[in-house]
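Just below is one structure, and these are the notes that go with it.
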Amino acid sequence: MTVEEAGAAALFEKFGTYILPGRVSDPRRGIEEALEAERIGLGAVWISERFALKEPAVLAGAVSEATSRIRISGTMYATMRHPIVTASVANMMQAMSGDRFRLMFARAVPAYMKMLGAPAITMERLADVISIVRRLWAGETVDYEGVMGKFPMLKLTDRHEGPPPPIIFTAIGPKSLEFAGEHCDGVLLHPFVSAQGVANSMKIVREAAEKAGRDPMSVRIYHNIIVAPDLPKDEEEAVVGGRAITYFELPGFGDLIVDINGWDKKVLEAIRAHPKIAGLNGKPADQAYTRQELVDVSRLIPQAWLDEGAAVGTAAQCATKLMDFLDAGADEILLHGSAPKDMGPLTTELKRVLGARAG
């Protein structure tokens, strides 16, 4: 295998991208982005859930038909669907895609779930949903009564005979990381978790898996990293700084990121005291402002946080920075913040760096 071939193979194995990041007006763009991601050599596309024009079951199905090789990860909130619906969607996606689907569960911001009137996604509820869907994929008839409700007879009447989808959980703090190690096939770390934070998180996940009697290395570490290669300064500030505010301003979420990285929590106090944030009265900032409108708030973030938690600068600088996260223990990286059409130079640099490392 040549250096170029080794770099391309490593890129496909270790890197993917979000499609349709942020708010969406034309969901058909997601198909174009998935095709472009596959064309430039990325190995996975990730789809988040937003109750508007970004429904993961529909979009994942469309992407599976448009692409041929790329892995497809769809995010779902466990308490928003009946377990048999979740199991059925994932079962069908495996059949439709040729076993390329990965099911990701996220907990969501508690205030957002409360605003929707939806049950909170507790660890107990999530553990039961994971157990139910896995039993359904295995062909069992499930009789369940518990925190998710009462389901006397659940069964998938037609079942895909291939491998079940891997289950990935988004996690930040110690409890959620331990949960991933105990119950899931992978864990997706949050944006702005630094390389040191990756190492800290990996240790928690793998130790929890071992205590649960599982193979620690069977739980893959995925990391969601904001990338801003070769962007104009104003766009870079919105993609990195503006987006960072939507995470750091959230009580709980921001604190957990800071804790796992060992950063100073006083910065969070200043962010939350900013008039734009304080005036929201608990409403998430990304529901009220665009990223561009949050750039002025982002001036409160230390530059070191952005340098350590994201990949910014030229494509070559971004590629070099991303190696830090792989070296810290990430098995696969989710590139976030830039569209696949803007990632060609970055993937070229990544193939170069990965090929050199392989050689």
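Just so it is clear, none of the values below were taken in a lab; they were calculated from the coordinates. All values derive from a computational prediction rather than experimental measurement. Cβ atoms come from the backbone with ideal geometry, glycine included; neighbour counts cover every protein chain shown.
Points to keep in mind about this one:
- Residue that is farthest from W305 (Cα to Cα), among those in segment 212-236 that are touching a residue at least 12 places away in the same chain (Cβ under 8 Å) and of a type in the set (K, R): R214
- Every condition in (1) under 18 Å from M93 (Cβ atoms); (2) under 20 Å from the mean Cα position of the chain (by Cα) holds for G181 except the one numbered (1).
- Of the residues in segment 84-98, at least one is aliphatic (A, V, I, L, M), under 23 Å from P21 (Cβ atoms) and in contact with a Ser or Thr (Cβ under 8 Å, 6 or more places away or on another chain).
- Only one of the listed residues (T347, T320) is farther than 19 Å from A195 by Cα and touching a residue at least 12 places away in the same chain (Cβ under 8 Å). That residue is T347.
- Identity of the residue in segment 266-302, of a type in the set (G, A, S) and either free of Cβ contacts under 8 Å to residues at least 40 places away in the same chain or outside any helix (DSSP H, G or I) (or both), that ends up surrounded by the most Cβ atoms within 10 Å (Cβ to Cβ): A288
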